[in-house]
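Following: one structure in structure tokens, then a few remarks.
The values are calculated or read from the model by the stated rules, or taken from the named source; none is laboratory data. Computed from a predicted model, the values in this text were never measured in an experiment. Glycine also receives a Cβ, built like all others from the backbone with ideal geometry; neighbour counts cover every protein chain displayed.
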Amino acid sequence: MEELIEVNERIDDLEYKNLKIIQKKNGFCFGIDSVLLSDFAKDIRNNSNVLDLGTGTGILSILLSAKTKLTRIYGIELQKDIADMAKRSVILNKLQDKIEVINIDVNNLENIFELNSFDSIVTNPPYKNKNAGKINDNEYKYISRHETTANLSDFIKVSFKMLKDKGSLYMVHRPERLIDIIYELRNNKLEPKNIKFVYSNKYKEPKLVLIKAVKNANKFLKVEKPLFVYDENGNYTEDILRIYNKI
């Protein structure tokens, strides 16, 4: 196991079916958003071929491989060393038969995949506009959080091109970007079908939004019941404990 990690990395427990993830000690680490998206997307049909756009550490691909009966998932990551780290996490979990990590810009996927060839796409894209918010001195964190080489529009355009007709896109993002998201989805013939807001607790404003959109679908949107992460005592709610397979 030691040969799989470098001196500036660590192995973390994903707290789900003994899965592990390799992460940089001073880099961008996974948050609950990827965990929640993997649960939101667990209705992906059996035997699906799936794309994970902007896979980062590979957490979403790894969790989905355990939560669904997908055939294969391709994790797409721009940063070469992050992609390499994700590949090693796949090996660590012995998931090479289900997951392949590819170091490529999402805008160049047409060079390696056929159009209209994927059943589902999942993505936890950078949340912030390129010049929005405080600029982080850590390059890995900056690229992970800000739209640098690919923006929201790019992720959605690529999703339309790669999805089969009636294929599904699952995304986690910030509520303040919701208007932009819906505009881009509709503009690219990806119809929003389900939306779920995620709150830290019932006294706070929503922190995340989970969205499912379907290519060339009819117009009908279901707003699902909200998801609260913590209860009044600061403990995980039953919904979160179920997602982590704790109850």
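A few notes on this one:
- Test: residue in the range 157-171 that is under 20 Å from residue 44 (Cα atoms), free of Cβ contacts under 8 Å to residues at least 40 places away in the same chain, hydrophobic (A, V, I, L, M, F, W, C) and not in a strand (DSSP E or B): no
- Search result, residues across the range 223-247 that are under 16 Å from residue 67 (Cβ atoms) and in a helix (DSSP H, G or I): 239, 240, 241, 242, 243
- Of residues in the range 56-101 being hydrophobic (A, V, I, L, M, F, W, C) and over 17 Å from the mean Cα position of the chain (by Cα), the one surrounded by the fewest Cβ atoms within 10 Å (Cβ to Cβ): 91
- When residues in the range 185-219 are screened for being touching a strand residue (DSSP E or B) at 6+ places or on another chain (Cβ under 8 Å), charged (D, E, K, R) and not in a strand (DSSP E or B), 5 of them pass.
- Annotation: residue 34 fulfils all but one of (1) crowded, with 18+ Cβ neighbours inside 10 Å; (2) closer than 21 Å to residue 6 by Cα; (3) of a type outside the set (A, V, I, L, M); (4) at pLDDT below 95; the unmet one is (2).
- For residue 106, the requirement of being in contact with an Asp or Glu (Cβ under 7 Å, 6 or more places away or on another chain) and surrounded by 19 or more Cβ atoms within 10 Å (Cβ to Cβ) is met.
- Any chance residue 26 is in a loop (DSSP other than H, G, I, E, B) and either among the small types (Gly, Ala, Ser) or farther than 18 Å from residue 96 by Cα (or both): yes
- Filter pass, residue 39 being of a type in the set (Asp, Glu) and touching a Gly at 6+ places or on another chain (Cβ under 9 Å): no
- Residue 138 being at pLDDT below 95 and farther than 24 Å from residue 212 by Cα: yes
- Within the range 83-99, the set of residues being in contact with a helix residue (DSSP H, G or I) (Cβ under 8 Å, 6 or more places away or on another chain) and either closer than 18 Å to residue 71 by Cα or not hydrophobic (A, V, I, L, M, F, W, C) (or both) comprises 88, 89, 90, 91, 93, 95, 96, 98, 99.
- Some residue of the range 30-52 being in contact with a Ser or Thr (Cβ under 6 Å, 6 or more places away or on another chain) and among the small types (Gly, Ala, Ser): yes
- Given (1) among the β-branched types (Val, Ile, Thr); (2) within 28 Å of residue 180 (Cβ to Cβ); (3) within 16 Å of the chain's Cα centre (by Cα), number of the condition residue 104 does not satisfy: (3)
- Selected residue [crowded, with 16+ Cβ neighbours inside 10 Å and within 24 Å of residue 228 (Cβ to Cβ)] from 210, 190, 152: 210
- Close pairs from the range 110-122: first within 7 Å of residue 164 (Cβ to Cβ), partner surrounded by 13 or more Cβ atoms within 10 Å (Cβ to Cβ) and among the β-branched types (Val, Ile, Thr), Cβ under 8 Å, at least 6 apart: 118/50; 119/44; 119/50
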